[in-house]
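**Q** Structure in structure tokens, see below.
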Amino acid sequence: ITLDLLILLKYSMPMVDNSESKSISDLTVEIPDDNLFCTNLIINYLPNDITYEEFFALFNEFGEIIASKVVRNDDGVCKGYGFVEYRKYESAKQAIEKRNQYIFKGKQLKVSYSRGSSPDIKNCKLYVSNLPNGCTVDTVRSI
């Protein structure tokens, strides 16, 4: 019996199949050669009371910021995430290295590349088949 699992992708870059075998080990994250595609970051798990000044200060030291935003609800309370766009790829990469899992106001931040909105990646799904009997969702997630 073949166990087919549906896994929602939560990667910042699209997955590509590099072979005909469609083995899960053959799937890799494709990083574009053009560094302009890797300058936008999403920051998750921001504290509700973060100010714009605090947010900007957390990321300003890594390079020139083109745009930044803390996403807020109608009452002005942070929804827990925000975005930063750097001019250079190196700045974004350094921000991820230094601020991912960084503790700020008692919350552990998650900083990663943001994928832009596009019809090509909307509702993106990955189907995995031909897994061994007894394979569970937890097993696949641990790969």
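**Q** Can you pull out the residues in region 19-66 that are at pLDDT below 50 and farther than 24 Å from residue 89 by Cβ?
**A** 19, 20, 21, 22, 23, 24, 25, 26
**Q** Would you mind telling me which numbered condition in (1) in a strand (DSSP E or B); (2) at pLDDT 95 or above; (3) open to solvent by 70 Å² or more (accessible area, probe 1.4 Å) residue 4 fails?
**A** (2)
**Q** If only one of 79, 98 is at pLDDT 95 or above, open to solvent by 40 Å² or more (accessible area, probe 1.4 Å) and part of a helix (DSSP H, G or I), which one is it?
**A** 98
**Q** Another question about this same structure. Return yes when residue 69 is in a strand (DSSP E or B), closer than 17 Å to residue 115 by Cα and open to solvent by 80 Å² or more (accessible area, probe 1.4 Å) and no when it is not.
**A** Judged against the criteria, residue 69 is a match.
This table checks each residue for (1) at pLDDT 95 or above; (2) over 18 Å from the mean Cα position of the chain (by Cα).
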| residue | (1), (2) |
| --- | --- |
| 85 | no, no |
| 102 | yes, no |
| 110 | yes, no |
| 122 | no, no |
| 125 | no, no |
| 139 | no, yes |
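The values are calculated or read from the model by the stated rules, or taken from the named source; none is laboratory data. These figures come from a predicted structure and were not determined experimentally. Cβ atoms come from the backbone with ideal geometry, glycine included; neighbour counts cover every protein chain shown. What goes into the accessible areas is simple: the full protein's heavy atoms, side chains included, and nothing from ligands, DNA or RNA. Shrake-Rupley method; radii C 1.70, N 1.55, O 1.52, S 1.80 Å.
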